[in-house]
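The structure appears right after this line, and notes come after that.
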Amino acid sequence: MRILVIEDEAKVASFIRRALEEESYAVDVSADGAKGLQMGLSGSYDLIILDLMLPGVLGLEILKELRKEKIQAPVLILTARSQVDQRVKGLDAGADDYLTKPFAIEELLARVRALLRRGSGEATGLLQVKDLVLNPATREVTRGGQRIELTAKEYALLEYMIRNTGRVLTRPMIAEHVWNLDFDTFTNVIDVYVNYLRNKIDRGREPKLIHTVRGSGYVLKAE
């Protein structure tokens, strides 16, 4: 999952970025309101963490513009404890949740997981296709009740695929959301990791869940 952090306090932004990347999220950071708005309008993000007090364009104006342009990604706003009126205005403008500074990183991560669950429509928090089950809260993956051990990057790739079940994911899409990089046509790293997943998820099991769409990319679905 790809997350945009719009926060002008360098230490706070670095703290958030490091914690999210340790959880295998792809993260972009902007310290400027105008640039953050431009990035948010790209529609490339699964969630946006937005500070309200920003240089250039204030967070509340960014939020209003995102919703005006039909950007539906969940937005978690960050505010100082004294900014009660700003929190209310933010929620009224379309924010999905808020967190007051200072905050515990564990709470931030829990709120991020909750918002991503809500955005995926998974009220239980479990992501499931046939007998393949992924629990974002514990990062546990099972198939047919048998636990599957994945590396951090394998897990991130599987989570992206299962959250987009039935959707063809191109290599550039996977590179952007899982590796947070522009796709390099000269590398086969994505194909290598998809094969790693196939060996762990599909080998010796039916039905096969990870499929190649020739000339396009990959799709996770049950046939």
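Observations, loosely collected:
- Taken as a whole, the condition of being in contact (Cβ under 8 Å) with a residue 24 or more places away in the chain and either out of contact with any strand residue (DSSP E or B) (no Cβ under 7 Å at 6 or more places or on another chain) or farther than 24 Å from His177 by Cα (or both) applies to Gln83.
- Just one residue in the set Ala137, Ala156 is of a type in the set (Gly, Ala, Ser), under 18 Å from the mean Cα position of the chain (by Cα) and buried (at least 19 other Cβ atoms within 10 Å of the Cβ); that residue is Ala156.
- Restricting the range 9-22 to residues that are surrounded by fewer than 18 Cβ atoms within 10 Å (Cβ to Cβ) and not basic (Lys, Arg), the residue that is farthest from Gly56 (Cα to Cα): Glu22
- Within this structure, Asp191 passes the test of being within 20 Å of Thr151 (Cβ to Cβ), loosely packed, with under 15 Cβ neighbours inside 10 Å and among the acidic types (Asp, Glu).
- First in the range 101-115 and free of Cβ contacts under 8 Å to residues at least 60 places away in the same chain and farther than 19 Å from Arg81 by Cβ, second anywhere and part of a strand (DSSP E or B) and of a type outside the set (Val, Ile, Thr), Cβ under 9 Å, 6 or more apart: Ala114/Asp97
For every residue, the table says whether it meets (1) more than 25 Å from Ala152 (Cβ to Cβ); (2) part of a loop (DSSP other than H, G, I, E, B); (3) not assigned by TED's automatic domain parsing to the domain that holds His177.
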residue	(1), (2), (3)
Ala19	no, no, yes
Val27	no, no, yes
Gln86	yes, no, yes
Gly94	yes, yes, yes
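The values are calculated or read from the model by the stated rules, or taken from the named source; none is laboratory data. Quick caveat, the model's predicted, so the values are computed rather than measured. Because the Cβ atoms are built from the backbone with ideal geometry, glycine has one as well, and the counts that use them run over all protein chains shown.
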